[in-house]
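S.K.: Structure incoming, see below.
Since every read-out is calculated from the coordinates, none of them should be taken as a lab result. Model, not experiment: these values are computed from the prediction. Cβ placement follows ideal geometry from the backbone for every residue including glycine, while neighbour counts extend to all protein chains displayed.
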Amino acid sequence: MRILVDAMGGDNAPEEIVKGCVQAINEGQGFEIELLGDVAKIEKCLGNNVDRSRIFITETHDEITNFDKPTEAIRKKTNSALVVGMKKIKSQAAQIFISAGSTGALLAGSLLIAGRLKGVVRPALAPVVPSKKGQSMIIDAGMNTRIKPINYLQFGIMGSEYMKAMYNIENPRVGLMNVGTEETKGDESLKQAYEMLINSKLNFVGNIEGRDVTEGKVDVVVCDGFTGNAMLKVMEGTGSYFMNFLKKTYSRNIWGKLSYLLIKHDLKKLKKQIDPEELGGTPILGANGMIYKCHGNSKAKAIKNTVLKACSSACTTVLEQMKTIFSSMEVGGLYDEAL
């Protein structure tokens, strides 16, 4: 299995990106990594402590930044890691593409180069976050800030198939993020989405509110990208604040330090559950290939965990399953109206 990694994307590229890939190679088996970017800079970061039979470098000269207009960038910067990587995904020269670069450019590349699965209207960013009962997926979490009713339904299908394959949840519960649980809540688009979801074959449990995500009331949360991204960032910020508060509390005096020793193990488990570096990157579901987006400030641990997670997902049948489902969806009537 070949995994492509954008070595030049992100705030800490290429050092942390390359370091994470080396760690993944040293810890995992069954895959090889192709780094895309400036060969001289990548070679400088690689060092000697890596199996060079499993890691390759492809030179790319252009660089897409967060200041570039996404669509314009992928059309003009054809020798960038993102464009070269997406073309390789489309031609099936590789199975996975990972980048910590521009989210907008990644979406544009997914749509215009790699392409969507047949029948999919819009791909979506789909992070999995911890909850009281395990994990919940938020879909979409930032790629589509304005969507139509059909998108909510398709997000629910994508999320359900991913959670079945990756987390062995037999019949994932799907909830529609809204301002209240009553079925009459929300604007017209949300009301239409509710009707589509309740009449689908999904295990739709109705509208949910923000607090229901961490309570574990659903396995898949469907929402527009603006809502999902805001919710995700609040959760990340709250987790960081909570851990910082505990650290200060238990370091104030000798009694706090002694108390910390008693719960140190449990706190480390909690930190691991909410640490973005541990969770790794996020899949873009609905694209015609396995594409993962990492935080722009990702360090080596996040890249390593993304590589290993992506490898696991590629070993399932989730992509083929989604291809089958969406290719058989009828476009007409309610669906045609929503498009």
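S.K.: Given the rule -39500 (n - 2.57) for each run of at least 4 DSSP H residues, summed and divided by the residues of the chain, what is its mean residue ellipticity at 222 nm, to the nearest 500 deg cm²/dmol? Don't jump to the answer; show the numbers that get you there.
M.R.: Details: 14 runs with 160 residues, N = 339.
Taking each H run of at least 4 residues, the total per residue is -14500 deg cm²/dmol.
S.K.: Using Cα centres only, tell me the gap between region 263-326 and region 164-201 in whole Å.
M.R.: Using only Cα atoms to place each centre, the spacing works out to 23 Å.
S.K.: Restricting attention to region 13-116, which trypsin sites (Lys or Arg not before Pro) occupy a DSSP loop and are surrounded by at most 12 other Cβ atoms within 10 Å?
M.R.: When the trypsin sites (Lys or Arg not before Pro) of region 13-116 are filtered for loop state and at most 12 Cβ neighbours within 10 Å, ARG52 remain.
S.K.: Subtract the Cα-Cα distance of ASN297 and ILE254 from 0.36 nm times their separation in residues, and report this length gain in nm to one decimal.
M.R.: Going from the current span to full extension adds 12.0 nm.
S.K.: Would you mind working out the magnitude of the charge dipole of the chain relative to its Cα centre, with +1 at each Lys and Arg C-beta and -1 at each Asp and Glu C-beta, to the nearest 20 Debye?
M.R.: Approximately 940 debye in magnitude.
S.K.: Between region 2-56 and region 63-90, what is the C-alpha centre distance in whole Å?
M.R.: Using only Cα atoms, the two centres lie 19 Å from each other.
S.K.: What is the packing order of peptides 123-129, 181-187, taking the mean over residues of other C-beta atoms within 10 Å and listing the highest first? Write out the running numbers ahead of the final one.
M.R.: Numbers: 123-129: 25.6, 181-187: 13.1.
Ranked from most to least packed, the peptides come out as 123-129, 181-187.
S.K.: Using R₀ = 35 Å, calculate the FRET efficiency as 1/(1 + (r/R₀)^6) where r is the Cβ-Cβ separation of HIS265 and LYS233; round to 0.05.
M.R.: Efficiency at R0 = 35 Å is approximately 0.75.
S.K.: Let me ask something else. Please rank MET1, MET235, MET322, fewest neighbouring Cβ atoms within 10 Å first, as an exposure proxy. Before the final figure, lay out the partial values.
M.R.: Values: MET1 14, MET235 18, MET322 23.
By the 10 Å Cβ count, ascending: MET1, MET235, MET322.
S.K.: Tell me, in nm to one decimal, what length is gained between GLU43 and THR58 on full extension, where the rule is 0.36 nm per residue of separation less the Cα-Cα distance? Write out the running numbers ahead of the final one.
M.R.: Numbers: separation 15, 0.36 × 15 = 5.40 nm, distance 1.11 nm.
Fully extending the segment from GLU43 to THR58 adds 4.3 nm.
S.K.: When ranked by the protection proxy of mean other Cβ atoms within 10 Å per residue, highest first, what sequence do the peptides 25-32, 5-12, 215-222, 173-180 form?
M.R.: Details: 25-32: 13.9, 5-12: 25.4, 215-222: 23.9, 173-180: 21.2.
Going by the mean number of other Cβ atoms within 10 Å, highest first, we get 5-12, 215-222, 173-180, 25-32.
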